[in-house]
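Please read the structure below before turning to the comments.
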Amino acid sequence: MQKYGKRILFDDVNVRFNNGNCYGVIGANGAGKSTFLKILSGELEPNTGKVHIEPGKRMAVLKQNHFEYEEEQVLNTVMMGHKEMYDIMLEKNAIYMNPDATEADGLKAAELENTYGEMGGWEAESNAAELLSNMGIPEAVHYGLMKDLTGAQKVKVLLAQALFGEPDILLLDEPTNDLTSVHLWI
């Protein structure tokens, strides 16, 4: 059951999503569609019950909040779509930038480099740039800030973020908001 205040949004829901299929959730405004997707993604905890995702599967989400990354660089925003890889990149870079790094830190950085490489980290920036270019985001803005983009460009960047790293599960919450057109060639 999922409640918002005293209002019950869902009660006794059992759903199984099968590989290779696409599913849509439709309903009136305020019916709980976004809440349902937030529960599936783990952003919200259900009041009761659980969500089970097959171990080893990676989920990506296109959210409705187009202003969440305003102070982030466009290219970094896309790479954040593979959170684990992006976090490893930040951690290893922090070690390299630390003038007081110890030998143990150096060994940790080497481990992180190995994991980063296995995840495709060395191609991350070029893959993110290719996704952006394929969505019509000019290279001239790849290193700019998200706040400098139009609404349609922001949605395209966030769609690239969701697609980045080829997730196993893709949740799109109102993917056409502010979107006039996307021409995608992957």
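Values in this text are rule-based calculations from the coordinates and carry no lab data. A quick note: this is a predicted structure, and the numbers were derived from the prediction, not measured. All Cβ positions, even for glycine, are placed from backbone atoms using ideal geometry, and neighbour counts span all protein chains on display.
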Straight-line reach from Lys83: which aspartates and glutamates have Cα under 17 Å away, leaving out those fewer than 8 places along the same chain? Glu43, Glu68, Glu72, Glu91, Glu113, Glu118, Glu123, Glu125, Glu166, Asp168
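Pairs to check: Lys57/Lys92; Lys63/Lys147; Lys63/Lys92; Lys63/Lys156; Lys38/Lys147; Lys33/Lys57. Give those whose C-alpha atoms are more than 18 Å from each other in this structure.
On the way: Lys57/Lys92 24 Å; Lys63/Lys147 16 Å; Lys63/Lys92 28 Å; Lys63/Lys156 12 Å; Lys38/Lys147 24 Å; Lys33/Lys57 23 Å.
Correct reply: Lys57/Lys92; Lys63/Lys92; Lys38/Lys147; Lys33/Lys57.
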Over the alpha carbons of the chain, what is the largest minus smallest coordinate on each principal axis, giving the biggest first in Å? 55, 39, 33
Pairwise label distance in nanometres, Asn21 with Gln64, each label 7 Å out on the Cα-Cβ vector: 2.5
Assign one of three labels to the stretch 87-144, namely rounded, prolate or oblate, based on the Cα gyration tensor with a ≥ b ≥ c the square roots of its eigenvalues; rounded applies when a/c is under 1.5, prolate when it is not and a/b is larger than b/c, and oblate otherwise. oblate
Students often get this wrong: which residues of the stretch 28-58 have the backbone nitrogen under 19 Å from the point 7 angstrom along Cα-to-C-beta of Asn14? 40, 46-54
Of Pro46, Pro99, Pro138, which is the most mobile in a GNM of the chain whose springs link Cα atoms less than 10 angstrom apart? Pro99
Mind ranking 122-133, 105-116, 18-29 by how tightly packed they are, going by the mean number of other C-beta atoms within 10 angstrom, highest first? 122-133, 105-116, 18-29
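Excluding Asp173 itself, what net charge comes from residues whose Cβ is under 9 Å from its Cβ, given Lys and Arg +1 and Asp and Glu -1? Walk me through the intermediate numbers first.
On the way: positive: Lys33, Lys38, Lys63; negative: Glu174.
Charge balance in the 9 Å sphere: +2.
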